[in-house]
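A short write-up of the structure that comes next.
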Amino acid sequence: MSINPVKDRLAAGGVAFGTLVSMPSPQLVQLVAAAGFDWVLIDLEHGAISVETAQAMIAASAVGRCVPLVRVAWTVPWLAKPLLDGGALGVVWPMVRSAAEAREAVAACRYAPSGDRGWGPFYAPARWGMTPFEYTGAANDAVLVAVLIEHVDAVAAIDEILAVPGIDVAVIAPFDLSVSLGRPGAFDDPAFVAAVERAERAIHASSAALGGVAPTPERARDLIGRGYRLVMCAYDVLIVDRALRGFLDAARG
């Protein structure tokens, strides 16, 4: 039995919509899940979120069919362990720049013989309504592995990275990629455009789904038209800021 509808949707060629939450708030995750998002990314890379709070946020996603994903602070395998054991069904690995790092990321999400994940799912089975060993049997197929392509080195090694078995999604992260190119925020710069196009071609030619960031609904539709299938609809800070300023401006008339 599949317990990850996002992986099912991607396998069927569909698009999965989500957003990122960097605020340490289970309540905000509840709202995201209730709004109908397919997935929520709990951000421990840039958000002030502890492991304890992350586990509460994972539990809070259960109000709907929203799949909890986590972004760890760095591509260090042990960082994912308590989050997976807390019920996360996917890990987003930042700054993956080589095939060796990609292999470590996949192995950290898989039980033996496919990987190196240690056994200790004390809370994940309850999140997904399973016994511990039912969960163990389902987890290798259920846990989504995503790598962030956000450095010029990753673009240079993109074919080798994508050749690693077990990568479900490769996400092009434009902000860090532009910084690594020495052109922060210059998304129209020819070097940035060329790097993105190079990564897109390689991901389309691989078995991984293409993921990206859409700050606006218009950008989301543009990405979908270009074959992106894991679409991050802005992020919590941007959404809240826009809503607050828009409401206040409208109220002031």
Suppose the filter is at pLDDT 95 or above, more than 29 Å from SER25 (Cα to Cα) and surrounded by 13 or more Cβ atoms within 10 Å (Cβ to Cβ); does SER180 pass it? yes
Select from the range 123-174 the residues that are within 13 Å of LEU89 (Cα to Cα) and in a loop (DSSP other than H, G, I, E, B) and list them in ascending order. TYR123, TRP128, VAL143, ASP168
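Identify all residues within the range 1-21 that are assigned to a loop (DSSP other than H, G, I, E, B) and closer than 22 Å to ILE239 by Cβ; write none if there are none.
Just the residues of the range 1-21 that are assigned to a loop (DSSP other than H, G, I, E, B), to begin with: 1-4, 12-15.
Selection gives VAL15 alone.
Go through the range 22-55 and count every residue that is part of a helix (DSSP H, G or I) and under 22 Å from ALA220 (Cβ atoms). Give the derivation first.
The first filter runs over the range 22-55 and keeps only residues part of a helix (DSSP H, G or I), leaving 26-35, 51-55.
Now restrict to residues that are under 22 Å from ALA220 (Cβ atoms): 28-29, 31-35.
Residues that pass the stated criteria total 7.
Only one residue in ALA80, ALA88 is surrounded by 23 or more Cβ atoms within 10 Å (Cβ to Cβ) and over 19 Å from ALA16 (Cβ atoms). Which one?
On the way: ALA88 fails: over 19 Å from ALA16 (Cβ atoms).
Answer to the selection: ALA80.
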Residue check: is GLY212 crowded, with 17+ Cβ neighbours inside 10 Å and assigned to a strand (DSSP E or B)? yes
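So which residues in the range 56-101 are part of a helix (DSSP H, G or I) and basic (Lys, Arg), if there are any at all?
Pass one, the range 56-101, residues part of a helix (DSSP H, G or I): 56-63, 77-85, 99-101.
LYS81 - this is the single residue of the range 56-101 that is part of a helix (DSSP H, G or I) and basic (Lys, Arg).
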Taking the conditions exactly as written (touching a Ser or Thr at 6+ places or on another chain (Cβ under 8 Å), of a type in the set (D, E, K, R) and under 21 Å from ASP168 (Cβ atoms)), does ASP85 satisfy them or not? no
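The values are calculated or read from the model by the stated rules, or taken from the named source; none is laboratory data. Since the structure is predicted, the reported quantities are computational estimates derived from the model, not experimental observations. Neighbour counts run over all protein chains shown; Cβ positions are idealised from the backbone, glycine included.
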